[in-house]
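Student: Please see the structure below; I have some questions.
The values are calculated or read from the model by the stated rules, or taken from the named source; none is laboratory data. Values in this document were obtained by computation on a predicted structure and should not be read as measured data. Side chains are part of the model used for accessible areas, which takes the heavy atoms of the whole protein and leaves out ligands, DNA and RNA. Shrake-Rupley method; radii C 1.70, N 1.55, O 1.52, S 1.80 Å.
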Amino acid sequence: MTQPEALQNLLQAIANGEISPETALEKLKHLPFEPVDEFAKIDHHRRLRTGFPEVIWGADKTPEQIIKIITAMRQGDTVVMATRIEAEVYQQLKIAIPDLKYYPTARICALSAPEAPTQIGTISILTAGTADIPVAEEAAITAELSGFAVTRLWDVGVAGIHRLLSHRHVVNDADVLIVVAGMEGALPSVVAGMADCPVIGVPTSIGYGASFSGVAPLLTMLNSCAAGIGVVNIDNGFGAAILAGQILRTAKKIGAVSDANS
């Protein structure tokens, strides 16, 4: 049961006299957030506020902590996911949570699998090189779990620009583009010069020494001469997907208001 459904059922139970206000108050205490031992406070209301539930940062947490957090979160939402989960950690998690799914390239585990898109809009994700794919897959799986259709296009960097130009339809058909690049990070500028939709640049830590583990492509994207590029942090495919989803949900909201006023 999702959090909105839980809240609606709770209010209906009060109205029907099935539970007392005192009992309802105890249940409501867990709606804003729920403590998990002494190390976590689960934000069950995040989907209501932002459109997507809280996500577990898996790195730097113990498997035991992740298991307890997932167990608490699955009571309140249909989408429960953790990022930056290494394969050996997943093997430990799966013992306690057998229905947990794993996406090794993206290093994401989740209780639900991407199904048919439920949201309006297509997010196209491009990489400059093959080595950028793990960050791009983090974005792709996050976007799919968010309910969006995703188109993938890998290894179309500027060193062989004809590869991108031969797939121009991917750029033209996108509603939001996420462009993932390391080295010098030039690909988002090229794509933004071709696209009529928002472009989100994701710098990666891929490259030789002077790329400074992603700082060089980050600065390139921030200094792009192509207008309108948004840039997230180094290797932050997850953040790019969430931003893309917010853009599309806002467009849907504006469209609904426009339709209502017409």
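Student: What residue among THR118, THR23, THR142 has the largest mean-square fluctuation in a Gaussian network model of the chain, using Cα springs under 10 Å?
Tutor: In the Gaussian network model the winner is THR23.
Student: Report Rg/Rh for region 105-163, rounded to two decimals, where Rg is the Cα radius of gyration and Rh the Kirkwood radius.
Tutor: 1.03
Student: Against the longest alpha carbon principal axis of the chain, how many degrees, from 0 to 90 and to the nearest 10, is the axis of helix 87-96 turned?
Tutor: Result, in degrees: 20.
Student: Right, next: Mind jotting down the distance between the C-alpha centroids of region 218-260 and region 114-155, whole Å?
Tutor: 14 Å
Student: Hey, another quick one. Remind me, relative contact order of the chain in percent, using alpha carbon pairs under 8 angstrom and six or more residues apart? Working shown, then result.
Tutor: Details: 494 pairs, mean separation 32.8, N = 262.
Result for the chain is 13 percent.
Student: Rounded to the nearest angstrom and ordered from largest down, what semi-axes does the equivalent ellipsoid of region 131-262 get from its C-alpha gyration tensor (root of 5λ)?
Tutor: On the way: eigenvalues 137, 49, 39 Å².
The answer is 26, 16, 14 Å, longest axis first.
Student: Let me ask something else. Rounded to two decimals, what is the ratio between the C-alpha radius of gyration of the chain and 2.2 N^0.38 Å?
Tutor: Relative to the 2.2 N^0.38 Å estimate, the chain comes out at 1.13.
Student: Further question on the same structure: With every protein chain in place, what's the accessible area of HIS162 (1.4 Å probe, Å², nearest 10)?
Tutor: Result for HIS162: roughly 130 Å² accessible.
Student: For region 181-260, what is the accessible area per residue in Å² when the probe is 1.4 Å? Can you show the working numbers first?
Tutor: Working: 3840 Å² over 80 residues.
Dividing the accessible area of region 181-260 by its residue count gives 48 Å².
Student: Any idea what the relative contact order of region 107-256 is, in percent, if you count C-alpha pairs under 8 Å spaced at least 6 apart?
Tutor: Relative CO of region 107-256 lands at 24 percent.
Student: At 1.4 Å probe size, put GLU54, GLU184, GLU138 in order of accessible surface, largest to smallest.
Tutor: GLU184, GLU54, GLU138
Student: Another question, if that's okay. Per the 1.4 Å probe, what fraction of the accessible area of region 129-262, in percent, lies on carbon and sulfur atoms?
Tutor: Values: 3550 of 6010 Å².
Of the solvent-accessible surface of region 129-262, carbon and sulfur hold 59 percent.
Student: If you line up the long axis of helix 63-73 against the longest principal axis of the chain, both from Cα atoms, how many degrees apart are they, to the nearest 10?
Tutor: With both axes taken from Cα atoms, the answer is about 70 degrees.
Student: Taking every pair of distinct Cα atoms and averaging 1/r, then inverting, what Kirkwood hydrodynamic radius in Å comes out for region 60-149?
Tutor: Result for region 60-149, one decimal place: 13.9 Å.
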